[in-house]
Ligand code: F6P
């Protein structure tokens, strides 16, 4: 990949000027001066409509952002990313979560080996195992069928599967799936206290199989299991997902029960791999496959679509625009469905662990802003919690509104109200309310005496940016595409910021100190 300081590009210079020329423009006037603004800045892809028109950009801004993408050779970087080049330079690894959902017969070569046959074989193993457990053919040590599954993992070995299982609750089968992550013993206890060891399957997920939280929780749970069962019963109740086969075997897991992973899959991008075993168990392998297909379709869109019509590319460039020119520090994720309640925490790891970096690809300290703070919650709950700050606070916080044309249970009355709020928030943020409009409101309400004191508080400046992602329906496939959209956004921003997005050395120091503290304590 090229190694270019983005602030030295010609496009950056043009963007700086464009920012000074346009920062005073109000979204209302941008819409008034261009009746086809919505169409101009909207991208339709399969069941998705990405509407970027409520962002503080002009056609010139977009052109300069696209020039920036070309100047840093985004095209070349995308090719390197998909073809298995070792773009995770600091760990000397390829970044190939896209290979895990690759649906064509193209070879993907890492260190001279085509990884696709192994990927496919592993998927077959997942499918066979899932089918046995879901159908009840897989029996526990007292010959009972499995009713509960516990995923033991943390970070990428927890957040992705947990988020997807929650998001696809509607598609769930008879198995109850639980997640244990925190090393807090109370967390473990709260989960296992309701479980029966005879009917519970434990999936230990750890890429490295060295993570303190996961190993401690797994040991505690195994000991709890052995209070009732014996060592030889472990094979019927414990399976593991890891790259570290030696440590897994030492833990006492049967070789047959190990699901392999690869070092070219980063933890926070691993839900498509065997790390997604608990997803496959919760919703069945067919739905897991649909999730992969949805992601693959987004991969194809990202790989093959010209940048001006490429949803992840535009989202990334607009993000750069706010971070580096408007100096915004955070982005809020607002899904208008309760199913996506865990999307923001998942994206926090994916985005912040990837692009929370301050050293560039030359080993130099960057002199510009990189990764943003990600936060969010579901609409309409967020409206009654933190949206006040977006509407009338002092900070510029670009928002992603994620809405669905159809609900899953089909309650039209509720859905109409939910979506009325979705559109209302986007409009209120963009348009605001002028002094004159606020004045008229107070007058209509008969508050003539209070107008003078209340008026300043009733004005909404507006001009607050947002992107809306409107999706036909929440399905395994559309969820797969949505997650892949954000994954590619991370990649593009990392390329432009000239940082390494795929290591996470920043979490190591705390781990080292915790180990030292442990001996002291
Ligand atoms: O501490 C951060 C991290 O390395 C994450 O990147 C990863 O997802 C998590 O820990 C868990 O790691 P493992 O799967 O190796 O247990």
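Coordinate-derived values only; no laboratory data. This structure is a prediction, so every number in the text was calculated from the model and none was measured. Because the Cβ atoms are built from the backbone with ideal geometry, glycine has one as well, and the counts that use them run over all protein chains shown.
Some points to look at:
- Proxy reagent accessibility, fewest Cβ within 10 Å first, across 230, 211: 230, 211
- Over the chain, relative contact order from alpha-carbon pairs under 8 Å, at least 6 apart, %: 20
- Three-way shape label, the stretch 109-287, alpha-carbon gyration tensor, a/c 1.5: rounded
- As a rough footprinting exposure proxy, the listed residues 215, 389, 100 were ranked by other beta carbons within 10 Å of their own, and the order from fewest upward is 389, 215, 100.
- Between helix 59-71 and the chain there is an angle of about 40 degrees, using the helix long axis and the longest principal axis of the Cα atoms.
- Rounded to the nearest 0.05, the FRET efficiency derived from the C-beta distance between residue 22 and residue 104 at R0 = 45 Å is 0.60.
- Taking the helices alone, the chain has a mean residue ellipticity at 222 nm of -13500 deg cm²/dmol, built from -39,500 (n - 2.57) per DSSP H run of at least 4 residues and averaged over all its residues.
- Gyration tensor verdict on the stretch 28-81 (Cα atoms; rounded if a/c is under 1.5, prolate if a/b is larger than b/c, oblate otherwise): oblate
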